[in-house]
Amino acid sequence: MEGDCLSCMKYLMFVFNFFIFLGGACLLGVGIWVIVDPTGFREIVAANPLLFTGAYIMLAMGAMLFLLGFLGCCGAVRENKCLLLFFFMFILLIFLAELSAAILAFIFREKLSREFFTKELKKHYQGNNETDVFSSTWNSVMITFGCCGVNGPEDFKTAPHFRHLHSDDVVPEACCQRDLQTQDRAFISKEDCLMGKDAYQNRQGCYTVILNSFETYVYLAGALAIGVLAIEVPEQ
(Lines give C-alpha, C1' and ligand atoms only; values in the text may rest on other atoms or scores of the structure.)
Protein backbone atom coordinates (compact mmCIF):
# COMPACT_ATOMS: atom_id res chain seq x y z
CA MET A 1 0.00 0.00 0.00
CA GLU A 2 2.80 2.39 0.91
CA GLY A 3 4.57 1.65 -2.36
CA ASP A 4 1.39 2.38 -4.33
CA CYS A 5 0.95 5.72 -2.52
CA LEU A 6 4.54 6.70 -3.25
CA SER A 7 4.15 5.73 -6.90
CA CYS A 8 0.94 7.75 -7.15
CA MET A 9 2.67 10.72 -5.50
CA LYS A 10 5.54 10.46 -7.96
CA TYR A 11 3.24 10.60 -10.98
CA LEU A 12 1.22 13.45 -9.48
CA MET A 13 4.46 15.36 -8.99
CA PHE A 14 5.42 14.67 -12.61
CA VAL A 15 2.04 15.93 -13.92
CA PHE A 16 2.17 19.13 -11.85
CA ASN A 17 5.75 19.82 -12.85
CA PHE A 18 4.96 19.15 -16.49
CA PHE A 19 2.27 21.85 -16.37
CA ILE A 20 4.74 24.21 -14.71
CA PHE A 21 7.22 23.40 -17.50
CA LEU A 22 4.60 24.26 -20.14
CA GLY A 23 3.54 27.39 -18.26
CA GLY A 24 7.15 28.55 -18.04
CA ALA A 25 7.63 27.98 -21.77
CA CYS A 26 4.48 30.00 -22.57
CA LEU A 27 5.48 32.82 -20.22
CA LEU A 28 8.95 32.90 -21.73
CA GLY A 29 7.48 33.01 -25.23
CA VAL A 30 5.05 35.82 -24.35
CA GLY A 31 7.83 37.83 -22.70
CA ILE A 32 10.02 37.57 -25.79
CA TRP A 33 7.09 38.44 -28.07
CA VAL A 34 6.16 41.54 -26.05
CA ILE A 35 9.71 42.88 -26.30
CA VAL A 36 10.50 42.08 -29.96
CA ASP A 37 7.01 42.25 -31.56
CA PRO A 38 7.12 44.83 -34.38
CA THR A 39 3.42 45.80 -34.23
CA GLY A 40 3.69 48.17 -31.30
CA PHE A 41 4.44 46.39 -28.05
CA ARG A 42 8.11 47.31 -28.28
CA GLU A 43 7.17 51.01 -28.18
CA ILE A 44 4.69 50.41 -25.35
CA VAL A 45 7.29 48.69 -23.22
CA ALA A 46 10.01 51.24 -23.96
CA ALA A 47 7.71 54.18 -23.18
CA ASN A 48 6.77 53.01 -19.68
CA PRO A 49 9.54 52.10 -17.18
CA LEU A 50 7.08 50.01 -15.17
CA LEU A 51 6.13 47.93 -18.24
CA PHE A 52 9.78 47.75 -19.30
CA THR A 53 10.71 46.24 -15.94
CA GLY A 54 7.65 43.98 -15.98
CA ALA A 55 8.51 42.54 -19.39
CA TYR A 56 11.95 41.47 -18.23
CA ILE A 57 10.53 40.12 -14.97
CA MET A 58 8.17 38.05 -17.14
CA LEU A 59 11.16 36.73 -19.09
CA ALA A 60 13.03 35.87 -15.90
CA MET A 61 10.00 34.19 -14.32
CA GLY A 62 9.32 32.25 -17.52
CA ALA A 63 12.90 30.98 -17.64
CA MET A 64 12.76 30.11 -13.95
CA LEU A 65 9.48 28.21 -14.27
CA PHE A 66 10.80 26.45 -17.38
CA LEU A 67 13.83 25.24 -15.44
CA LEU A 68 11.72 24.53 -12.37
CA GLY A 69 9.36 22.27 -14.31
CA PHE A 70 12.28 20.48 -15.95
CA LEU A 71 13.99 19.81 -12.62
CA GLY A 72 10.70 18.72 -11.03
CA CYS A 73 9.87 16.31 -13.86
CA CYS A 74 13.34 14.77 -13.89
CA GLY A 75 13.51 14.63 -10.10
CA ALA A 76 10.10 12.95 -9.86
CA VAL A 77 10.82 10.34 -12.54
CA ARG A 78 14.36 9.54 -11.41
CA GLU A 79 13.61 10.08 -7.70
CA ASN A 80 16.82 12.11 -7.58
CA LYS A 81 17.20 13.94 -4.25
CA CYS A 82 19.66 16.46 -5.69
CA LEU A 83 17.25 17.54 -8.42
CA LEU A 84 14.39 17.71 -5.94
CA LEU A 85 16.54 19.86 -3.64
CA PHE A 86 17.16 22.32 -6.49
CA PHE A 87 13.44 22.21 -7.22
CA PHE A 88 12.61 23.11 -3.62
CA MET A 89 15.12 26.00 -3.75
CA PHE A 90 13.42 27.35 -6.89
CA ILE A 91 10.03 27.08 -5.16
CA LEU A 92 11.45 29.21 -2.33
CA LEU A 93 12.86 31.78 -4.79
CA ILE A 94 9.50 32.04 -6.57
CA PHE A 95 7.73 32.54 -3.26
CA LEU A 96 10.15 35.36 -2.37
CA ALA A 97 9.68 36.91 -5.84
CA GLU A 98 5.89 36.81 -5.44
CA LEU A 99 6.21 38.40 -2.02
CA SER A 100 8.41 41.17 -3.47
CA ALA A 101 5.93 41.74 -6.31
CA ALA A 102 3.07 42.04 -3.80
CA ILE A 103 5.04 44.60 -1.77
CA LEU A 104 5.89 46.63 -4.90
CA ALA A 105 2.25 46.52 -6.05
CA PHE A 106 1.20 47.87 -2.64
CA ILE A 107 3.84 50.63 -2.69
CA PHE A 108 2.95 51.77 -6.23
CA ARG A 109 -0.80 51.10 -5.94
CA GLU A 110 -1.63 54.76 -6.60
CA LYS A 111 0.16 54.60 -9.96
CA LEU A 112 -1.71 51.46 -10.96
CA SER A 113 -5.22 52.64 -10.09
CA ARG A 114 -8.05 53.21 -12.57
CA GLU A 115 -8.21 56.89 -11.54
CA PHE A 116 -4.51 57.44 -12.26
CA PHE A 117 -4.70 55.98 -15.77
CA THR A 118 -7.92 57.89 -16.50
CA LYS A 119 -6.33 61.17 -15.42
CA GLU A 120 -3.20 60.56 -17.53
CA LEU A 121 -5.21 59.55 -20.60
CA LYS A 122 -7.40 62.64 -20.50
CA LYS A 123 -4.40 64.88 -19.88
CA HIS A 124 -2.01 63.62 -22.57
CA TYR A 125 -3.89 61.65 -25.26
CA GLN A 126 -3.83 63.32 -28.70
CA GLY A 127 -5.53 60.76 -30.94
CA ASN A 128 -3.84 59.44 -34.10
CA ASN A 129 -0.58 61.26 -33.52
CA GLU A 130 2.12 58.70 -34.35
CA THR A 131 4.90 61.08 -33.30
CA ASP A 132 3.58 61.21 -29.72
CA VAL A 133 4.75 58.15 -27.81
CA PHE A 134 1.97 58.33 -25.21
CA SER A 135 -0.79 58.48 -27.83
CA SER A 136 0.69 55.79 -30.08
CA THR A 137 1.15 53.53 -27.05
CA TRP A 138 -2.51 53.90 -26.09
CA ASN A 139 -3.57 53.30 -29.69
CA SER A 140 -1.57 50.05 -29.77
CA VAL A 141 -3.11 48.91 -26.49
CA MET A 142 -6.68 49.68 -27.60
CA ILE A 143 -6.24 47.96 -30.96
CA THR A 144 -4.52 44.91 -29.48
CA PHE A 145 -7.03 44.32 -26.66
CA GLY A 146 -10.11 45.52 -28.53
CA CYS A 147 -10.96 48.10 -25.87
CA CYS A 148 -11.52 51.86 -25.64
CA GLY A 149 -10.01 54.28 -23.14
CA VAL A 150 -9.57 53.36 -19.51
CA ASN A 151 -13.28 53.07 -18.64
CA GLY A 152 -14.86 53.23 -22.09
CA PRO A 153 -15.57 55.68 -24.96
CA GLU A 154 -16.88 58.31 -22.51
CA ASP A 155 -13.28 59.02 -21.41
CA PHE A 156 -12.68 60.99 -24.61
CA LYS A 157 -15.57 63.41 -24.05
CA THR A 158 -13.45 65.29 -21.53
CA ALA A 159 -9.97 64.78 -23.03
CA PRO A 160 -8.95 68.36 -23.99
CA HIS A 161 -6.12 67.55 -26.43
CA PHE A 162 -8.18 64.94 -28.26
CA ARG A 163 -11.25 67.21 -28.44
CA HIS A 164 -9.16 70.10 -29.76
CA LEU A 165 -7.45 68.03 -32.46
CA HIS A 166 -10.46 65.86 -33.40
CA SER A 167 -13.51 67.99 -32.68
CA ASP A 168 -15.67 66.07 -35.18
CA ASP A 169 -14.87 62.60 -33.80
CA VAL A 170 -16.57 61.13 -30.75
CA VAL A 171 -13.83 58.53 -30.24
CA PRO A 172 -10.40 57.85 -31.76
CA GLU A 173 -9.98 55.38 -34.63
CA ALA A 174 -8.31 52.92 -32.24
CA CYS A 175 -11.69 52.45 -30.51
CA CYS A 176 -13.43 51.35 -33.71
CA GLN A 177 -14.30 47.69 -34.17
CA ARG A 178 -12.29 45.76 -36.74
CA ASP A 179 -12.93 42.65 -38.79
CA LEU A 180 -10.66 40.09 -37.16
CA GLN A 181 -11.24 37.64 -40.02
CA THR A 182 -9.34 39.81 -42.50
CA GLN A 183 -5.56 39.87 -42.67
CA ASP A 184 -5.29 43.65 -42.34
CA ARG A 185 -8.03 43.83 -39.64
CA ALA A 186 -9.98 46.46 -41.57
CA PHE A 187 -12.55 48.69 -39.87
CA ILE A 188 -16.12 47.41 -39.90
CA SER A 189 -17.43 50.97 -40.34
CA LYS A 190 -15.03 53.70 -39.30
CA GLU A 191 -17.35 56.56 -40.24
CA ASP A 192 -20.23 55.23 -38.10
CA CYS A 193 -17.81 54.56 -35.26
CA LEU A 194 -16.35 58.08 -35.27
CA MET A 195 -19.87 59.53 -35.40
CA GLY A 196 -20.64 57.80 -32.10
CA LYS A 197 -22.68 54.74 -33.08
CA ASP A 198 -22.22 52.21 -30.28
CA ALA A 199 -22.58 49.14 -32.51
CA TYR A 200 -19.30 49.95 -34.28
CA GLN A 201 -17.24 50.85 -31.19
CA ASN A 202 -15.35 48.77 -28.65
CA ARG A 203 -17.38 49.65 -25.56
CA GLN A 204 -15.30 48.03 -22.83
CA GLY A 205 -12.59 50.00 -21.06
CA CYS A 206 -9.00 48.76 -21.31
CA TYR A 207 -8.50 48.70 -17.54
CA THR A 208 -11.18 46.03 -17.07
CA VAL A 209 -10.22 44.03 -20.18
CA ILE A 210 -6.51 43.86 -19.30
CA LEU A 211 -7.19 43.17 -15.62
CA ASN A 212 -9.52 40.28 -16.48
CA SER A 213 -6.93 38.87 -18.89
CA PHE A 214 -4.21 38.86 -16.26
CA GLU A 215 -6.50 37.59 -13.48
CA THR A 216 -7.08 34.35 -15.39
CA TYR A 217 -3.35 33.62 -15.54
CA VAL A 218 -2.77 34.77 -11.94
CA TYR A 219 -5.43 32.40 -10.60
CA LEU A 220 -4.06 29.54 -12.70
CA ALA A 221 -0.51 30.20 -11.50
CA GLY A 222 -1.71 30.46 -7.89
CA ALA A 223 -3.60 27.18 -8.12
CA LEU A 224 -0.58 25.44 -9.62
CA ALA A 225 1.73 26.90 -6.97
CA ILE A 226 -0.54 25.75 -4.12
CA GLY A 227 -0.86 22.29 -5.66
CA VAL A 228 2.88 21.93 -6.18
CA LEU A 229 3.71 23.15 -2.68
CA ALA A 230 1.15 20.79 -1.18
CA ILE A 231 2.74 17.85 -2.96
CA GLU A 232 6.40 18.78 -2.94
CA VAL A 233 7.07 20.33 0.47
CA PRO A 234 5.99 17.29 2.54
CA GLU A 235 8.10 15.12 0.25
CA GLN A 236 11.21 17.11 1.18
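The values are calculated or read from the model by the stated rules, or taken from the named source; none is laboratory data. Everything quoted here is computed from the prediction, not taken from an experiment. Positions of Cβ are backbone-derived with ideal geometry, glycine not excepted, and every protein chain shown enters the neighbour counts. We work out accessible area using only protein heavy atoms, side chains counted, and drop any ligands, DNA or RNA first. Shrake-Rupley method; radii C 1.70, N 1.55, O 1.52, S 1.80 Å.
Starting from the amide H of ARG178, placed 1.01 Å from N in the peptide plane, find each other amide H under 5 Å away whose residue is 5 or more places distant or on another chain.
Result for ARG178 returns ILE188.
Roughly what would the spin-label model give for ASN128 and TYR56, points 7 Å off Cα along C-beta, in nm?
That separation, rounded to one decimal, is 3.6 nm.
According to a simple spin-label model (label point 7 Å from Cα along Cα-to-Cβ), what is the distance in nm between LEU165 and LEU92?
According to this spin-label approximation, the distance is 5.3 nm.
Taking H placed 1.01 Å from N in the peptide plane, check which residues at least 5 places from HIS166 or on another chain put their amide H under 5 Å from its amide H.
Those qualifying (amide H under 5 Å, at least 5 residues apart or on another chain) number zero.
At R0 = 22 Å, how high is the FRET efficiency between THR208 and LEU180 if r is their beta carbon distance? Nearest 0.05 is fine.
Calculated transfer efficiency: 0.65.
Given a Förster distance of 25 angstrom, what is the FRET efficiency for TRP33 paired with LEU85, based on the Cβ-Cβ distance and rounded to 0.05?
So, using R0 = 25 Å, E works out to roughly 0.15.
Roughly how many Å² of PHE14 are accessible to a 1.4 Å probe, to the nearest 10?
80
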